[in-house]
Amino acid sequence: MSLRLYNTLSRTKEEFVPVDPDRVTMYVCGPTVYSYAHIGNARPAVVFDVLVRFLRHLWPKVVYARNITDIDDKINAAAKEQGVEISVITKKYEQIYLDDMAAIGVTEPDIDPHATDHIPEMISMMEKLIANGHAYAAEGHVLFNVPSFPDYGGLSGRDQDELLAGARVDIAPYKKDASDFVLWKPSTQDLPGWDSPWGRGRPGWHLECSCMIEKHLGRTIDIHGGGIDLVFPHHENEIAQSTCAHGGDNFVRYWLHNGFVNVDKEKMSKSTGNVLLVHELLKQAPGEAIRLALLSAHYRQPLDWTDDGLAQAVKMLDRLYGALRLMDDVDADPDAPPDETFLRALSDDLNTPQALAALFELARQGNTAEDPAEKARIKSVLVSSANLMGVLTQNPEDWFARNDQNLGGPGPEEIERLIQSRNEARAAKNFAEADRIRDELAEQRVTLEDAGDGTKWRRG
């Protein structure tokens, strides 16, 4: 089956055909490390983690890069406020970001380039752009000349008036055109800076990604991903810089963007006080549940984050792990192929809601299967499919033990004790007591299933 992805540039679903099937390339805009990551930052990390897992299922080699922006005005402000070097800020929050992402099952990329390690490449690209008439120096700045690139605005679909409004540009006197954007800006002595042909300064945000992509992945890459908020101006500017620096070569073949995360139907913002930090959410629920909640909606659609939605994700994992627990008497084949229905869902523009539905159908089949060979087949397919989503990666007992602790529910030993008491009540024909125990466990989200070989239990 072919993989179809929605290309923001063409505004259509297209069959994904890599430039080189032996080296598929993908770049995703990573964090600006000056503070804790919020749930909106986590969504692209999770979405593109699923995509890269799927790409690796389909192609023999995938090179995935996700950058670290470690020079930025927000970083400078945080360092100045705390009276420390920017590296103190960036190293601290980069590690926190990596730890938080690991906790929600995000694997590290193959390459994690840092902006400050690529200043020479940035200077080189600016020199090329100036030489070919697409950029100019003015008062210690280097600016990209937007009118020199007629295709500017193609990604966002905006006209010139919209571009100006969206960019919120300051009409600086040194600009040739109001839409021109900064590639390099001067630094005062109290700010980080590097020597350049235009004086001591620091790079503009947009330039960084273009240079890191070229160095590590090449002039033309297969996939560039990020949040929908990056379409303009960031990705629009990347296209302009890279295309013009490389003589018109195609920069990115497929542009993918995930939708916003809202909180209780409201946009996240510091002003409303509804910014949810991953670091804090991990105290509320297991990382795997946070991951599942982020995958519960199609990646291109807005996701409404709620406490109820997170609780529902925990229950969903209870059901899935409960099915695995009922099949603990058979072994899964580690080389088993994923479920075909599941694969078709991911192949259709990474349709994770449909893929999750396929997992629950497998879990349902596992709950009722009695033949050991059939149970082994179902378990194998369920595990291999779930691994592509980055879920069901732990032992069911570990999941339930952790959840019991987090949620205050009965532990496995207590559940088994109550089941034994129920069995004794049934043997004594005290069916009222047996029903009471069943109801007590049901209130704590523990479902009992009686079978010929005894009573099994699962969460949810």
Conditions (1) at pLDDT below 95; (2) part of a strand (DSSP E or B): number failed by Met1: (2)
Taking Asp304 and the conditions (1) buried (at least 19 other Cβ atoms within 10 Å of the Cβ); (2) farther than 29 Å from Ser2 by Cβ, which numbered condition does it fall short on, given that it satisfies the others? (1)
Looking at this structure, is Ser35 over 23 Å from Arg202 (Cα atoms) and surrounded by fewer than 20 Cβ atoms within 10 Å (Cβ to Cβ)? no
Output for the range 25-57, where each listed residue is touching a Lys or Arg at 6+ places or on another chain (Cβ under 7 Å) and either closer than 24 Å to Ser385 by Cα or part of a strand (DSSP E or B) (or both): Val28, Thr32, Val46
Among strands (runs of 3 or more DSSP E) entirely within the range 145-228, at least 2 residues that are modelled with pLDDT of 95 or more, farther than 30 Å from Phe16 by Cβ and not basic (Lys, Arg) occur in 181-186, 201-203
Would you mind listing the helices (runs of 4 or more DSSP H) fully within the range 334-424 where at least 1 residues are within 22 Å of Trp59 (Cβ to Cβ) and under 27 Å from the mean Cα position of the chain (by Cα)? 340-347, 352-368, 372-389
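So which of Pro186, Pro173, Pro197 ends up being farther than 28 Å from Ala45 by Cβ, surrounded by fewer than 18 Cβ atoms within 10 Å (Cβ to Cβ) and free of Cβ contacts under 8 Å to residues at least 40 places away in the same chain? Outline the logic, then answer.
On the way: Pro186 fails: free of Cβ contacts under 8 Å to residues at least 40 places away in the same chain; Pro197 fails: free of Cβ contacts under 8 Å to residues at least 40 places away in the same chain.
Step by step, each of Pro186, Pro173, Pro197 is checked, and only Pro173 is farther than 28 Å from Ala45 by Cβ, surrounded by fewer than 18 Cβ atoms within 10 Å (Cβ to Cβ) and free of Cβ contacts under 8 Å to residues at least 40 places away in the same chain.
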Which of (1) surrounded by fewer than 19 Cβ atoms within 10 Å (Cβ to Cβ); (2) farther than 30 Å from Gln189 by Cβ; (3) touching a residue at least 40 places away in the same chain (Cβ under 8 Å) does Phe54 not meet, given it meets every other one? (1)
Report, ordered by the first and then the second residue, all pairs with beta carbons closer than 6 Å, sequence separation of six or more or different chains, a first member in the range 80-95 that is more than 24 Å from Val106 (Cα to Cα) and surrounded by 12 or more Cβ atoms within 10 Å (Cβ to Cβ), and a second member that is of a type in the set (D, E, K, R) and at pLDDT 95 or above. none
Tell me whether the range 229-245 contains one or more residues that are touching a Lys or Arg at 6+ places or on another chain (Cβ under 7 Å) and in the same structural domain as Ala135 (by TED's automatic domain parsing). yes
Need the failing condition index for Asp100 against (1) outside any helix (DSSP H, G or I); (2) crowded, with 21+ Cβ neighbours inside 10 Å, just the number. (1)
Looking only at residues that are more than 20 Å from the chain's Cα centre (by Cα) and polar (S, T, N, Q) in the range 245-273, which one is surrounded by the most Cβ atoms within 10 Å (Cβ to Cβ)? Asn250
Those residues that are in contact with a Phe, Trp or Tyr (Cβ under 9 Å, 6 or more places away or on another chain), of a type outside the set (Val, Ile, Thr) and assigned to a strand (DSSP E or B), I need them from the range 7-24; list them, please. Asn7, Lys13, Glu14
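Going by what's in this entry, would Thr341 be described as within 30 Å of Tyr254 (Cβ to Cβ) and surrounded by fewer than 21 Cβ atoms within 10 Å (Cβ to Cβ)?
Details: within 30 Å of Tyr254 (Cβ to Cβ): yes; surrounded by fewer than 21 Cβ atoms within 10 Å (Cβ to Cβ): yes.
Spelling it out, Thr341 is indeed within 30 Å of Tyr254 (Cβ to Cβ) and surrounded by fewer than 21 Cβ atoms within 10 Å (Cβ to Cβ).
Can you report the number of residues in the range 58-67 which are surrounded by fewer than 23 Cβ atoms within 10 Å (Cβ to Cβ) and assigned to a strand (DSSP E or B)?
Here is the first cut: in the range 58-67, the residues surrounded by fewer than 23 Cβ atoms within 10 Å (Cβ to Cβ) are 58-63, 65.
Adding the requirement that they be assigned to a strand (DSSP E or B) leaves 62-63, 65.
Total satisfying the criteria: 3.
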Which condition number does Arg253 fail, the rest of (1) assigned to a loop (DSSP other than H, G, I, E, B); (2) closer than 30 Å to Leu129 by Cβ being met? (1)
Residues Arg300, Arg325: which one is of a type in the set (Lys, Arg), under 15 Å from the mean Cα position of the chain (by Cα) and not assigned by TED's automatic domain parsing to the domain that holds His57? Arg300
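The values are calculated or read from the model by the stated rules, or taken from the named source; none is laboratory data. Model, not experiment: these values are computed from the prediction. Cβ atoms come from the backbone with ideal geometry, glycine included; neighbour counts cover every protein chain shown.
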